[in-house]
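First up is the structure itself, then whatever we jot down about it.
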There are 2 protein chains.
Amino acid sequence: MTYIETLGKQAKKAARDLLSLSTSEKNALLTLVTKRLVSETALLLTENAKDLAQAKENGISEIMTDRLRLTPERIKGIAEGVRQVADLEDPIGQVVRGYTNLDGLKIVQKRMPLGVIAMIFESRPNVSVDAFSLAFKTNNAIILRGGRDAINSNKALVMVIRQALEDGGVNPDVVQLVENTSHVVAEDLMQAVDYVDLLIPRGGAKLIQTVKEKSKVPVIETGVGNCHIYVDEFADLEMATKIVLNAKIQRPSVCNAAESLVVHEKIAEQFLPMLEDAANEVQAIEFRADEKACSLLKTAVPATEEDYATEFLDYIMSVKVVSSLEEAIAWVNTYTSSHSEAIVTRDLVAAEKFQDQVDAAAVYVNASTRFTDGFVFGLGAEIGISTQKMHARGPMGLEALTSTKFYINGQGQIRE
Amino acid sequence: MTYIETLGKQAKKAARDLLSLSTSEKNALLTLVTKRLVSETALLLTENAKDLAQAKENGISEIMTDRLRLTPERIKGIAEGVRQVADLEDPIGQVVRGYTNLDGLKIVQKRMPLGVIAMIFESRPNVSVDAFSLAFKTNNAIILRGGRDAINSNKALVMVIRQALEDGGVNPDVVQLVENTSHVVAEDLMQAVDYVDLLIPRGGAKLIQTVKEKSKVPVIETGVGNCHIYVDEFADLEMATKIVLNAKIQRPSVCNAAESLVVHEKIAEQFLPMLEDAANEVQAIEFRADEKACSLLKTAVPATEEDYATEFLDYIMSVKVVSSLEEAIAWVNTYTSSHSEAIVTRDLVAAEKFQDQVDAAAVYVNASTRFTDGFVFGLGAEIGISTQKMHARGPMGLEALTSTKFYINGQGQIRE
């Protein structure tokens, strides 16, 4: 039996054990986990220090190292996240529809766990805890495969969670860490159709692409955001400037940051220099632009085809000037990663058309793309942002971790 | 460009053209298709006759040939099915949730088309028309890949639909038939991630398995039903007899027919001979049974491990005697194809436990598994029965052919 088969079997067994756990039992256990994480702060910091030392040795950048770092404050934050999940409404058992059919059968469709969820993710150790808490709240077992960079932190976090669960009388295999971070083992996980119901990759475009190509387990693609902002001919240009700057600059490393600017030719001459000047006051942006935009921007360089398709995650932005709303929509639909797209306009018809025809999970009118987020959207939690159309689209809360089952009760009915 | 790439591009373009079609326009076009199918009866019969002649030449069984056969009556039925889809409520544009968030953003999640659906199916030509009408009602384009046996019938049906759409001013590429029925082309379709959003295989276990293994396009597994009926120690044995006979005999070739019988040891001695006698009065069943059941049935043969995992689609049934409800549940969960499972009992606790813990799309108490069906369940339509947990589970109606999109409207909001 392979390592993944062993974990898979254990997860499947744990998922079955989990089935009978009630909402209040789950919430009590999440509270136990919250407390344990805080009380084990010293241990978590010690283990995290090993990863930080390794990162230093490997010459990892300060920004990346910071993503890895745990502090007492951050551990408290991670624990508080678990407590908040306990507070969320439990979707399991919720009735989606229910009725008596013509045969007199009482039919009720209820929300059910998926079973076993696996997650392959990079760097940030808080993801382990977040993913566990959302899976647990929905009675799913989870197998976590984090990056090598955070292996000691992840081991410690998962151990602490498992101890809390065991103290609470629950099979600790509801959360398991893949401690062997080799690619071979990750690929075994992608093939584990007999044990894993859903695989969620979280990380860069390359990780997502690899998982999508290789996985036989159903995958939800998450997170790649080549987000566009289209500044329409009827835009309020002050508002457009603020929105573009916010979407590009406020936190460039995240998936809902904007990467591409599309500008209507009628306002390009006025808007582009205005935007460039405003950017230079806070944070210069490297514009990679088409010919027309290059002629209007002081520092722009010509864009390549690849630039338009790239998620820069940096202070870089591609620029395209279009001659109509239709051209803008077609442009966005060509390069979109189907995450978040925005139009800035005062024209009602343009706004409606853009929202109806742009093919993305979230389409904004007059707001920054940076809002695409499960918490901001009011879902109470987020395990990722789906950029595909099946099962879940956009920010995924607890409901995205559920399936359904039909309960049918009869009095001896047979089919004629 | 490969053949499938050409079809895929055309489908994608057609799907985009379809986006702007309103409910009443779609319904009017479905009515046009209904009329056209009936008025082209002669043509359809002529083309169908070619397939029937070929089937005769190939020595296809009368049962299989009958599945292939069109008659004026059947064509009327197929056309009537299209008209009924026109009558169904349109899920596209329906608001799933909507609210104003803390930032003052107006967030509305609406049902949207998936885009391009592909279906690989066997034999029955009516599937072409059913699948088209459900896809069209949900603003999706569809690519149909039927079996070689029905190629002339499918060509004629799709041509007639396309003519009606063209007359109605719609891009006929919303429905396309893969006229090359080679396996190579089918596999191209399974790889067409750039053009196809969802692939639905409909047919035997082998087809489903092949598609599941080879497809890179997201797949919904449908239809394989190794359905069990568990006759509990507290069952009404008269009712159990009727339910088992109905589920096994009434139409053995369908996925919701029962294949496996599980009997509590406390009633096995009384129940099994009673069932056998009742069966022999209407239709003898070949029982493949464990030792205990073999000793109680006159004509049973010993079951192999494989028998318990087989969807016979015939007057054959595996039999297992268990000593407890828990053993019954574990048995069902080991061999279930997650389609439909039933318990016959008067014990409320047993009924609840069986429904909660059996892992299948539909779990019955005191009724025949034969009821699992989109129409019977009141969904108004059915494009297949999902036996997986992602996206859709159980009978799939129009909603299963939709995704969602978040519409967010602001007044210049940026993220702090």
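Values in this text are rule-based calculations from the coordinates and carry no lab data. Model, not experiment: these values are computed from the prediction. In this analysis, Cβ positions are derived from the backbone assuming ideal geometry, glycine residues included, and neighbour counts consider all displayed protein chains.
B:Lys76: which lysines have alpha carbons under 21 Å from its alpha carbon, excluding same-chain residues fewer than 8 sequence positions away? Answer for B:Lys76, where 21 Å is the Cα cut-off: B:Lys26, B:Lys35, B:Lys50, B:Lys137, B:Lys155, listed by chain and number.
In percent, how large is the relative contact order of chain A, given Cα pairs closer than 8 Å and 6 or more residues apart?
On the way: 830 pairs, mean separation 71.2, N = 416.
Value for chain A: 17 percent.
Averaging Cα coordinates gives a centre for region A:111-135 and one for region A:311-358; these two points are 32 Å apart. What you get for region B:122-269, charging only the Cβ of Lys and Arg (+1) and of Asp and Glu (-1), is a dipole of about 360 debye around the Cα centre.
Per residue of A:351-358, other chain Cβ atoms within 10 Å of the residue Cβ number 3 on average. The amide H of A:Gly93, built 1.01 Å from its N in the peptide plane, has A:Arg111, A:Met112 as neighbours under 5 Å, considering only residues 5 or more places off or on other chains. Are there chymotrypsin sites (Phe, Trp or Tyr not before Pro) in region A:286-393 that DSSP marks as loop and that have at most 16 other Cβ atoms within 10 Å, and which are they? Sites meeting the loop and neighbour criteria: A:Tyr315, A:Phe375. Computed about the Cα centre, the dipole magnitude for chain B is approximately 1720 debye when only Lys and Arg (+1) and Asp and Glu (-1) carry charge, each at its Cβ. Pairs of C-alpha atoms in region B:227-371 farther apart than 25 Å represent 14 percent of all such pairs.
Ranking B:Cys255, A:Ser22, A:Asn333 by how far each Cα lies toward the positive end of the dipole of the protein assembly as shown (charges on Cβ) leaves A:Ser22 at the top. Straight distance only, please: which lysines reach the Cα of A:Lys248 with their own Cα at less than 16 Å, same-chain residues fewer than 8 apart left out? Of all the lysines, those that pass the test against A:Lys248 - Cα under 16 Å, at least 8 places apart if same chain - are A:Lys320. Taken along the Cα-to-beta-carbon direction at a fixed 7 Å, the label points for B:Thr299 and B:Thr31 span 5.4 nm.
At a Förster distance of 30 Å, what's the computed FRET efficiency of A:Glu265 paired with A:Phe375, Cβ-Cβ distance as r, to 0.05? Walk me through the numbers on the way to the answer.
Numbers: r = 38 Å, r/R0 = 1.27.
That pair, A:Glu265 with A:Phe375, gives E of 0.20.
Starting from region B:64-157, pick out the GluC sites (Glu not before Pro) whose DSSP state is loop and whose Cβ has at most 12 other Cβ atoms within 10 Å. Working shown, then result.
Numbers: sites: B:Glu73, B:Glu80, B:Glu89, B:Glu122; in loops: B:Glu89, B:Glu122.
Those that pass, being in a loop and sparsely packed, are B:Glu89.
Note on chain B: dipole from Cβ charges, positive end direction compared against B:Ser324, B:Leu37, B:Gly203; the farthest Cα belongs to B:Leu37.
Note on the protein assembly as shown: with charges restricted to the Cβ of Lys and Arg (+1) and Asp and Glu (-1), its dipole about the Cα centre is near 340 debye.
Rounded to the nearest 5, the antiparallel percentage of DSSP beta bridges internal to the protein assembly as shown is 30%.
How high is the FRET efficiency between A:Glu327 and A:Glu238 when r is their beta carbon distance and R₀ equals 25 Å, given to the nearest 0.05? Mind showing how you got there, number by number?
Details: r = 24 Å, r/R0 = 0.97.
Plugging the Cβ-Cβ distance into 1/(1 + (r/R0)^6) gives 0.55.
Contact order for region B:164-233, expressed relative to its length and based on alpha carbon pairs under 8 Å spaced 6+ residues apart, stands at 26 percent. Residues whose amide H falls under 5 Å from that of B:Val322, counting only those 5 or more places apart or on a different chain, are B:Val263, B:His264, B:Glu265, with hydrogens built in the peptide plane. Here is the P(r) of the protein assembly as shown: all C-alpha pair distances, binned every 20 Å from 0, give 15, 43, 34, 8, 0 in whole percents. Taking the charge dipole of region B:274-416 about its Cα centre, with +1 at Lys and Arg Cβ atoms and -1 at Asp and Glu Cβ atoms, the residue from B:Ala362, B:Ser295, B:Tyr308 reaching farthest to the positive side is B:Ala362.
What separates the Cα centres of region B:261-279 and region B:359-373 is a distance of 20 Å. Averaged over peptide B:184-196, the number of partner chain Cβ atoms lying within 10 Å of each residue's Cβ comes to 0.
Peptide B:391-404 has a mean of 3 when you count, residue by residue, the C-beta atoms of other protein chains within 10 Å of its C-beta.
Using only alpha carbons, build the gyration tensor for chain A and give me the equivalent ellipsoid semi-axes, biggest first, whole Å. Walk me through the numbers before you get to the answer.
Numbers: eigenvalues 339, 165, 68 Å².
Here the semi-axes work out to 41, 29, 18 Å.
Reachable lysines from B:Lys216, Cα under 23 Å, same-chain residues fewer than 8 places away excluded? Cα-Cα hits under 23 Å: A:Lys206, A:Lys212, A:Lys214, A:Lys216, A:Lys389, B:Lys9, B:Lys12, B:Lys13, B:Lys206, B:Lys389.
Label zone (B:Ile63, point 7 Å along Cα-to-C-beta; backbone nitrogen cut-off 18 Å) within region B:233-262: B:245-260.
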